[in-house]
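To keep things clear, I will list the structure first and then write my remarks on it.
Please treat every number below as a calculation from the coordinates, not as lab data. Here the structure is a predicted model, which is why all the values come from computation and not from measurement. Cβ: placed from backbone, ideal geometry, glycine included. Neighbour counts: every protein chain shown.
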Amino acid sequence: MLTGLGEYLKASGVTYAAFATEHGLPSAMVYQWASGYRRPGRDYAVAIEHATGGAVPVESWSGPRRGRRHGRGRRAKAEGG
């Protein structure tokens with residue numbers, strides 16, 4: 001079983017845009033979920049679990065984020081961080 005949406009899409013050869021179009025979602029939202037920038041709400045997580053045939057379970061969205069470290073953007077760099 002795959003643990004994340006990004007892993008599922010990569011393994012299945014489906015693009016963010018194709019998944020988004022197929023399920024009526026903005027591709028930017030799918031990208032953010034798959035990259036770990038954001039987590040879907042419970043309803044979306046359930047829909048993703050169903051759309052992936054259980055390969056990306058609702059529980060996969062709990063735990064630490066896997067994306068970019070937050071707080072290291074433009075402001076942190078300007079302050080020497």
Original post:
Given labels modelled 7 Å from the Cα in the Cβ direction, how far is it in nm from residue 47 to residue 12?
Top reply: 1.5
Subject >> Gyration tensor (alpha-carbon) shape descriptor, region 18-63, a/c threshold 1.5 >> reply: oblate
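How much length, in nm to one decimal, is gained on full extension between residue 59 and residue 35, taken as 0.36 nm per residue of separation minus their Cα-Cα distance?
Full extension from residue 59 to residue 35 adds 7.0 nm.
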